[in-house]
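Below is one structure, written out as structure tokens; the observations come after it.
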Amino acid sequence: MPTESARRAGTAILAVTLVCGASACSVIPTGGKSVVAVDNERKGNPLGDPYARVIAMPPKAAWSPEEVVTGFRAAMASPDDPDFQVARQYLTGDFADKWNPRSGVTVYRQGDYEKFAPLREGDKHAQVTLKGTKTAIIDQDGRYRPSGGPLNQPFTLAKEAGGEWRISAAPDGLLLSEADVARGYLPVDLYFLDSHWKGLVVDQVRVPIDPAANFAKTTVERLLRGPSSSLKGSVRSALADTELIDVTTENNRVVVDLTRRVDPDLIDPMSAQLAATLTALTKGGWGFEVKVNGESYYADTPLQIDAQEQSNFDPWTTPDTVTSFYLADGALWLLDKENVGRPVPGRAGQKKNGLTRPAISGQPVQQVAALAQDGKSVSVAPLAAGGEWRVWATGESLIQPSWDRYDTLWTVDRPNDHTSIVTRHDGDNKHRYRVSAPDLETVYVKSLKVARDGVHVAVVVKDGLGEQVHVGTVIGERENTRIANLQTVVDSEGKRTIEDIAWKDGKTLYALTGKSELLEASVTAEPKPLAFDSRIGIESITALDSILLAGAKDDQGNRQVLYWTSTKWEPLVKNETGSTDFTENGPSAPAFPLG
């Protein structure tokens, strides 16, 4: 499976010219005095996809300060020199001992070099500044975070006794262009387990390419090291007490060879972790097998893992048939396969004045929670015959509730414009726990949605800067629950307002702005706008994997539920005559379970 890094190997890297022929490329520093060979072909294990080899070259004696800096940057970007031995040759002896290349990566889009003053004969020191735009940060544990702002990075150089320029001062960590990262890092979704050992939680990281290992081995090694800092304390791993020997292929299976067996109760979770993490690398067509020290996992039989084991373990990773719900004339309706609706059983399917955006829990006990129109109470009703409404929460100014996969209801009360109190209601509301959320307690929370993995949480916050969307993680349970690791995924640019949010999956969410614009956002990418029709007023959204629904109102105040076709909005709900027209008191506020 060709990776993005291989496909983009023919793209010009910044401040370095990339000259490609039919089967190989050459990286030539700006001065044109040295060639760094690049080979696009990789042979061997079928999981070892082609990658662009960038062979680090040592500095030349006659290089100018700019050429030395360019060569150093090219050497930093070489996967074939994982210990940075060549890169250190560009540094003075003292600085080579101090420089720490493993303290993180700054990703940039380059502009130009800038010299502070022309060099004169006899000068022993020089300074070259790399100018450009920062685009991202990669933490030590591989967490990729978009980051803007100008790049003005000075490099101080000293002329050594032999007359050669060497770098005497530069930042720790790596300074890589976007093209360098595309060639040298593999974007990987690692999967860990929730605190109940029942669900899978994705951790998006960038893994440096190891020329001595296939991508699958590199990925499993990173999985065994544990989650990135954003998920520390939130997830577990069935592979925490073993080490990796190798990842190979045998009889059309990917074979993972470990040093020890896991506890019997953890075999299914371990199998799900491995299948979910490796399926993307194997195009989903390979099965898996786990061995221990080269031998079958069990004494009399191998441990073989189906390619879709993650779906068997956690159905929310690839949801199959899931019912969608919506409001109509003050009651909750569900949609059948023909897109015709019918009222749900129980009181929720009967008209209730003031019923607003519903939140639907998961299986097996399905319930609906709804915020009262005055915002002072949240009521819950089972979706079953005889199911009655019960008030679960009251407050001064509550937000729309959210369910998680553990049948826990989340609410937020705002006693004033500068205070937000997060509460989780367990089970049948016999226990309520205040959630510790220091970053949210002194701001105005407009919305809070827990992702279907039960760990990631999205929050819309209004403060003095405007309205933003943050993504964080849920750590702990019951009275020890807290929300931490908040990161901005949609900022307050242009003083926009955020009217609704909906999780697509465990790593991507949609944000609806006050102008009915839709943004697709995640912690690893800048928000991406979706096309929209300004004639349609979108009021709310819900999503499930590849399906995106919206509650919309036309210019006459008529309503309908729309679905996104990837290019435009289409009406969804049919009435008894098969019409999908907008109507008065028509379908509104669509909702998926745990959406």
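The values are calculated or read from the model by the stated rules, or taken from the named source; none is laboratory data. No experiment lies behind these values; they were computed from the predicted model shown. As a convention, Cβ positions derive from the backbone with ideal geometry for all residues, glycine included, and neighbour counts pool all protein chains shown. We work out accessible area using only protein heavy atoms, side chains counted, and drop any ligands, DNA or RNA first. Shrake-Rupley method; radii C 1.70, N 1.55, O 1.52, S 1.80 Å.
Here are the numbers for the structure shown:
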read-out: Members of region 337-352 found to be surrounded by 15 or more Cβ atoms within 10 Å (Cβ to Cβ) and part of a strand (DSSP E or B), listed by number; value: G341, P343
read-out: Condition met for N485 (more than 26 Å from S546 (Cα to Cα) and in contact with a helix residue (DSSP H, G or I) (Cβ under 6 Å, 6 or more places away or on another chain)); value: yes
read-out: Selection status of T301, among the polar types (S, T, N, Q), within 27 Å of R260 (Cβ to Cβ) and open to solvent by 40 Å² or more (accessible area, probe 1.4 Å); value: yes
read-out: Hits in region 304-331 (condition: part of a helix (DSSP H, G or I), crowded, with 21+ Cβ neighbours inside 10 Å and out of contact with any helix residue (DSSP H, G or I) (no Cβ under 9 Å at 6 or more places or on another chain)); value: W316
read-out: Candidate set: region 68-97, residues that are under 37 Å from the mean Cα position of the chain (by Cα) and charged (D, E, K, R); chosen: the one most open to solvent (accessible area, probe 1.4 Å); value: D97
read-out: Condition check for R145: within 29 Å of the chain's Cα centre (by Cα), more than 20 Å from T70 (Cα to Cα) and assigned to a strand (DSSP E or B); value: yes
read-out: Region 315-335 residues that are at pLDDT 85 or above, paired with ones that are in a helix (DSSP H, G or I) and of a type outside the set (D, E, K, R) (beta carbon under 7 Å, 6 or more apart); value: A331/G349; L332/A348; L332/G349
read-out: Candidate set: region 198-212, residues that are in contact with a strand residue (DSSP E or B) (Cβ under 9 Å, 6 or more places away or on another chain) and part of a loop (DSSP other than H, G, I, E, B); chosen: the one surrounded by the most Cβ atoms within 10 Å (Cβ to Cβ); value: G199
read-out: Filter result (part of a loop (DSSP other than H, G, I, E, B), within 25 Å of D141 (Cβ to Cβ), touching a strand residue (DSSP E or B) at 6+ places or on another chain (Cβ under 7 Å) and not aromatic (F, W, Y)) within region 83-105; value: P101, G104
read-out: Residue in region 219-253 that is most open to solvent (accessible area, probe 1.4 Å), counting only those that are of a type in the set (A, V, I, L, M, F, W, C) and within 15 Å of Y191 (Cβ to Cβ); value: A240
read-out: Meets criteria (farther than 15 Å from S420 by Cβ and of a type in the set (K, R)) for R478; value: yes
read-out: Those residues of region 475-507 which are surrounded by fewer than 18 Cβ atoms within 10 Å (Cβ to Cβ) and more than 18 Å from S540 (Cβ to Cβ), in sequence order; value: G476, E477, R478, E479, N480, R482, Q487, T488, D491, E493, G494, K495
read-out: Filter pass, W392 being over 28 Å from T317 (Cα atoms), touching a residue at least 24 places away in the same chain (Cβ under 8 Å) and surrounded by 17 or more Cβ atoms within 10 Å (Cβ to Cβ); value: yes
read-out: Single residue of region 406-442 satisfying the filter (small (G, A, S) and assigned to a strand (DSSP E or B)) that is surrounded by the most Cβ atoms within 10 Å (Cβ to Cβ); value: S420
read-out: Looking only at region 534-564, and only at residues there that are within 23 Å of the chain's Cα centre (by Cα) and farther than 21 Å from I498 by Cα, the one that is least open to solvent (accessible area, probe 1.4 Å); value: D545
read-out: Qualifying position, being in a strand (DSSP E or B), surrounded by 13 or more Cβ atoms within 10 Å (Cβ to Cβ) and touching a strand residue (DSSP E or B) at 6+ places or on another chain (Cβ under 6 Å), among L355, L334; value: L334
read-out: Residues of region 443-461 that turn out to be in a strand (DSSP E or B) and either without any contact (Cβ under 8 Å) to a residue 12 or more places away in the chain or farther than 13 Å from I399 by Cα (or both), as a count; value: 4
read-out: Lone qualifier among R120, R109 - being in contact with a strand residue (DSSP E or B) (Cβ under 7 Å, 6 or more places away or on another chain), more than 16 Å from S168 (Cα to Cα) and either of a type in the set (K, R) or open to solvent by 10 Å² or more (accessible area, probe 1.4 Å) (or both); value: R109
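Results for (1) assigned to a strand (DSSP E or B); (2) under 17 Å from G104 (Cα atoms); (3) open to solvent by less than 20 Å² (accessible area, probe 1.4 Å), shown as yes or no for each residue.
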residue	(1), (2), (3)
I137	yes, yes, no
T156	yes, no, no
L176	yes, yes, yes
D180	no, yes, yes
L186	yes, yes, yes
